[in-house]
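Asks: Mind looking over this structure? Questions follow.
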Amino acid sequence: MKFILIDKIVSLEEGKRLTAIKSVSLAEEYLGDHFPTFPVLPGVLLLEGLVESAAWLVRKTESFAHSMILLAEARTVKYKSFLPPGAQIQYTVEAKAIEESVSSFAGCGVVDGEKIVEARFGLRHFNLSERNPALTTVDAQIVEQMKNRYNLLSQQIGTSNLKLPGR
């Protein structure tokens with residue numbers, strides 16, 4: 001993934017809910033092109049923040065069983081305001097269902113008590129080796145990278161029970 005749109009996971013109830021934070025900095029490269037005289041986080045990246053939050057909930061709930069977690073569908077996406085540099089958004093996603101290869105969620109992003117994005121969406125999850133057994137090693141590498149990133153993102157909530165390599 002080119003952008004990481006979650007800075008910190010602040011709460012997690014496995015299989016149910018996750019809350020995460022994203023702080024927007026003027027240094028983020030996409031702001032230079034997205035309305036250069038009025039920089040704001042693009043709407044599609046607001047949605048991606050919800051998707052990333054939900055993907056962490058799936059990974060943790062399923063013990064990192066899948067290397068790939070992708071947006072399958074987005075429904076009723078509503079954008080209500082802009083997210084400028086210096087602002088911080090709190091994403092909350094609630095699982096409607098988490099099954100072996102698909103999941104569905106409702107989520108919203110809130111800034112200073114104001115809901116600025118909300119959506120219902122579905123994810124699909126799988127391993128690359130399901131389509132090509134030669135990619136089993138790649139799956140393992142991706143899962144390990146995601147475990148390490150989860151450890152970094154979740155330090156504040158004390159739910160990090162995955163061990164970093166060499167520790």
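Readers should treat all values here as calculations from the given coordinates under stated rules, not as data from a laboratory. In this text the structure is predicted, and so the values were computed from the model without any measurement. Because the Cβ atoms are built from the backbone with ideal geometry, glycine has one as well, and the counts that use them run over all protein chains shown.
Asks: Does region 74-88 hold any residues that are more than 29 Å from Phe126 (Cα to Cα) and of a type in the set (A, V, I, L, M, F, W, C), and which are they?
Replies: Matches in region 74-88: Phe82, Leu83, Ala87.
Asks: Scan Gly86, Gly109 and give me the residue that is exposed (fewer than 14 other Cβ atoms within 10 Å of the Cβ), touching a Leu at 6+ places or on another chain (Cβ under 9 Å) and either charged (D, E, K, R) or more than 23 Å from Glu62 (Cα to Cα) (or both).
Replies: Gly86
Asks: Just the residues that are without any contact (Cβ under 8 Å) to a residue 60 or more places away in the chain, among the charged types (D, E, K, R) and outside any loop (DSSP other than H, G, I, E, B), please, taken from region 81-99.
Replies: Within region 81-99, Lys96 is the sole residue that qualifies.
Asks: Among what's in region 47-76 and is β-branched (Val, Ile, Thr) and without any contact (Cβ under 8 Å) to a residue 60 or more places away in the chain, pick the residue that is surrounded by the fewest Cβ atoms within 10 Å (Cβ to Cβ).
Replies: Only one residue fits best here, namely Thr76.
Asks: Can I ask one more? Identify, please: which residue in region 8-32 is among the small types (Gly, Ala, Ser) and at negative phi and is, among those, surrounded by the fewest Cβ atoms within 10 Å (Cβ to Cβ)?
Replies: By that ranking, first place goes to Ala27.
Asks: Test each condition in (1) at negative phi; (2) over 15 Å from the mean Cα position of the chain (by Cα); (3) surrounded by fewer than 17 Cβ atoms within 10 Å (Cβ to Cβ) for Leu41 and report the one that comes out false.
Replies: (3)
Asks: Next question. Look at Ala74 and say whether it is part of a helix (DSSP H, G or I), of a type in the set (Gly, Ala, Ser) and more than 16 Å from Thr19 (Cβ to Cβ).
Replies: So Ala74 fails the test.
Asks: I've got another one for you. For region 56-70, which residues satisfy the criterion of being under 16 Å from Leu18 (Cβ atoms) and either among the hydroxyl-bearing types (Ser, Thr, Tyr) or part of a strand (DSSP E or B) (or both)?
Replies: The answer is Thr61, Ser63, Ile69.
Asks: How many of the residues in region 24-50 are under 25 Å from Arg75 (Cα atoms) and not β-branched (Val, Ile, Thr)?
Replies: Counting residues in region 24-50 that are under 25 Å from Arg75 (Cα atoms) and not β-branched (Val, Ile, Thr) gives 11.
Asks: Which residue is farthest from Ala87 (Cα to Cα), if the candidates are limited to region 25-42 and must be without any contact (Cβ under 8 Å) to a residue 40 or more places away in the chain and among the small types (Gly, Ala, Ser)?
Replies: Among those residues, the one meeting the criterion is Gly32.
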